[in-house]
Amino acid sequence: MLLTHCYCLLALLLDLVLVAVVKGLVKRRRPTHNKMDMFVTISVDKYSFPSGHATRAALVCRFVLRHLVLAVPLRVLVVLWALIVSVSRVMLGRHNMTDVLFGLLLGYALYSVVEYCWLSPLSAPALFALWSH
């Protein structure tokens, strides 16, 4: 169980770094509409592409669906949660639709990469060797 939590933490940390790098490279400004309430928010960055909320929602959604045994209605709710988080970013005027769509794809792909590296036949024995020491 602890390894699973470490795996999720690693994926989320990689997500933070990857989103920051892509935002720094692309430098797309946030939408100009709905900026009247931006003075009450604390923003880490001023760029919008990709949506970090969408990447993390997709990543956590895949993690939960993969590692928890859930009934079908709960699985549907987890997917709906990720979609609602993503759509809310557009509705709040913080992101364009393409920011959110790319964020969802990036989070989905990042989970696949982390899962492959974490659970690959080459890296798994090394991780278990570290764990046993």
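The values are calculated or read from the model by the stated rules, or taken from the named source; none is laboratory data. Since the structure is predicted, the reported quantities are computational estimates derived from the model, not experimental observations. Here Cβ is always computed from backbone atoms with ideal geometry, including for glycine, and neighbour counts include all displayed protein chains. Surface accessibility is based on the protein's heavy atoms, side chains included, excluding ligands, DNA and RNA. Shrake-Rupley method; radii C 1.70, N 1.55, O 1.52, S 1.80 Å.
Want the number for VAL72 to THR98: 0.36 nm per residue separation, take away the alpha-carbon distance, what's left?
This chain segment gains 6.4 nm when fully extended.
What distance in nm separates the two pseudo spin-label positions at LEU13 and TYR116, each 7 Å out from Cα along the beta-carbon direction?
That separation, rounded to one decimal, is 2.2 nm.
So what is the diffusion coefficient of the range 41-109 in µm² per second by Stokes-Einstein at 10 °C and 1.306 mPa s, using a Kirkwood Rh over Cα pairs?
129 µm²/s
At 1.4 Å probe size, with the rest of the protein present, what percent of the exposed accessible area of the range 44-110 is carbon and sulfur atoms?
78 percent
Among 102-114, 49-61, 7-19, 69-81, how do they line up from the highest to the lowest mean number of other beta-carbon atoms within 10 Å?
49-61, 102-114, 7-19, 69-81
If you plug each phi of the range 6-15 into the Karplus form 6.51 cos²θ - 1.76 cosθ + 1.60 with θ = phi - 60°, what whole-Hz ³J(HN,Hα) values come out, in order, with x for Gly and Pro?
5, 4, 5, 4, 4, 4, 5, 5, 4, 4
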